[in-house]
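What follows is one structure encoded as structure tokens, with my remarks underneath.
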Amino acid sequence: MQTSPTKPATRQSRTGTSGHAFRIRLPKSESPASLNATLLLAVVALLVGFGLIMVLSSSAVEEYAAGRSFSTKFLKQLLFAVLGVPVMFAISRIPLRYLTGNLAWVALGGVIVLQLLVFTPLGLEINGNRAWLNFGVTTVQPAEFAKLALCMWLAMMVTRLEPRLEDWRKFIVPLGVPVVIVLGLALGGKDLGTVIVLGALVLGALWFGGIKARYLAVAAIAAVAGAILMAIISPNRVARITSFFSGDCDYEGLCWQTSHGFFALARGGVFGVGLGNSTAKWSWLPEADNDYIFAIIGEEFGLVGATAVILMFGALGVILLRIWRQTESRAGRVIVGGVFTWFTFQAFVNIAVVIGLLPVLGVPLPFLSSGGSALVTTLAAVGLVLSVARENTAREAAAASSPKSNAKPLVKPEPEPLAKSNAGASTKSKARPKAGARTHPKTRK
């Protein structure tokens with residue numbers, strides 16, 4: 001708030017005493033508010049807040065049984081949420097030209113280094129997947145940061161390679177080699193679910209960025225072939241996929257998790273058993289606070305709560321598409337398209353696994369599942385989209401305030417028809433003879 005430097009005016013009050021009146025100038029925002037950005041923040045806040053509640057509900061029993069406080073995982077998730085929100089707003093204030101500049105190379109290089117550290121003694125293997133780094137205080141999953149880095153890097157490369165995008169031979173090497181390195185390192189940790197999400201993110205970002213569909217179709221076929229090959233060479237994955245399609249599954253073996261996920265959804269019914277009243281989380285359902293948190297939501301809030309979560313992700317997707325349609329720059333379109341594919345595809349895979357449409361892939365539910373790396377990176381990705389939306393709003397405001405848009409067209413009066421004016425003039429001349437002119441009487445015949 002600033003006061004005007006002008007001299008204050010003296011005013012006489014009703015009681016006869018004099019006073020001073022000051023002119024106050026309120027601070028102005030650099031850019032006007034954006035409806036899409038506001039809606040995006042509202043939906044993300046709902047998802048994060050509801051996710052914190054569900055992490056507390058789904059993890060309290062097992063944390064207490066392990067001899068820890070029942071709120072241990074909740075407090076960790078809350079800490080990462082408190083850390084992620086400032087990161088989101090900080091990224092949203094960075095101009096897009098910096099996010100898609102040399103900073104994108106730094107992000108991609110840092111992610112590759114982190115992925116290489118997974119294969120050192122710092123690496124941590126959980127459930128057969130070597131995909132985490134153990135720093136003592138906390139664990140970090142580099143593949144989650146790879147999603148964020150790929151959104152920035154792909155936006156930069158598509159912009160720089162724009163003149164060569166018509167011929168695949170001119171961009172396949174500079175665009176494809178780094179992507180293959182990132183996917184290969186994630187695949188080396190045997191985390192097939194994350195690799196599938198990364199591949200979908202790359203294809204979606206390039207498609208929304210304007211790459212020809214026939215090029216992406218060939219890349220998608222190659223990606224599916226690679227995923228099938230990696231599934232075949234893993235006996236555990238072969239057994240899961242075979243049991244999924246055949247329906248013949250060992251209840252106490254591979255189908256334990258999926259079966260108890262179904263039991264939780266069935267017990268929830270339409271309206272659920274109430275928050276905190278789930279029985280599946282009492283060591284019956286593995287990964288209840290992570291990959292299968294949607295089953296706990298369905299049990300405690302029923303079909304109504306599960307449908308509400310799906311609708312929230314649908315609203316998130318619609319808002320991201322609105323921002324994408326508003327974006328004119330190719331870099332911004334790649335970022336928003338990549339984030340849209342990331343959130344919607346990952347949510348679809350997670351929910352499809354829980355309800356039995358897909359075999360178990362180990363993919364968390366964005367914003368809701370426990371996991372610090374996933375929560376911070378998803379909030380940072382929202383910051384990327386907010387940066388794009390901020391530039392869109394500033395561009396539209398500048399276009400609206402330009403002199404061309406404010407100039408009012410001059411309306412010229414319509415000219416009077418020539419014949420009409422001439423007729424009127426002759427009529428007036430006949431009706432009003434000139435002063436001093438002689439009038440001749442009519443001659444009789």
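Taking packing as the residue-averaged number of other Cβ atoms within 10 angstrom, the listed peptides 248-255, 384-391 run from highest to lowest as 384-391, 248-255. For the stretch 280-312 and the stretch 156-217, compute the distance between their C-alpha centroids and round to whole Å. Measuring centre to centre over Cα atoms gives 33 Å. For residue 172 and residue 126, what does the FRET efficiency come to when R0 = 25 Å and r is the distance between their Cβ atoms, rounded to the nearest 0.05? It comes to 0.10.
Counting 0.36 nm for each residue step from residue 229 to residue 328 and taking away their Cα separation leaves a gain of 31.7 nm. The relative contact order of the stretch 150-259, computed from alpha carbon pairs under 8 Å that lie at least 6 residues apart in sequence, is 21 percent. Using θ = phi - 60° in the Karplus curve 6.51 cos²θ - 1.76 cosθ + 1.60, the 3J(HN,Hα) couplings for the stretch 120-125 round to 9, x, 6, x, 10, 9 Hz; x is entered for Gly and Pro. Near residue 126, the amide H atoms lying under 5 Å from its own belong to 131; only residues 5 or more places off or on other chains count, and H is placed 1.01 Å from N.
FRET efficiency for the residue 42 to residue 402 pair, using the beta carbon distance and R₀ = 41 Å, is estimated at 0.85.
Sequence-ordered 3J(HN,Hα) estimates for the stretch 212-222 from the Karplus curve with 6.51, -1.76 and 1.60 and θ = phi - 60° stand at 4, 5, 5, 5, 5, 5, 5, 5, 5, 4, 5 Hz, glycine and proline given as x. For the listed peptides 125-136, 366-377, a ranking on the average number of other beta carbons within 10 Å per residue, highest first, reads 366-377, 125-136. Inverting the pair-averaged 1/r between distinct Cα atoms of the stretch 184-301 gives 16.8 Å as its Kirkwood hydrodynamic radius. Subtracting the Cα-Cα distance of residue 248 and residue 164 from their residue separation scaled by 0.36 nm leaves 25.1 nm.
Read-outs throughout are calculated quantities, based only on the coordinates presented, and are distinct from any laboratory measurement. In this text the structure is predicted, and so the values were computed from the model without any measurement. Virtual Cβ from ideal backbone geometry, glycine too; neighbours counted across all protein chains shown.
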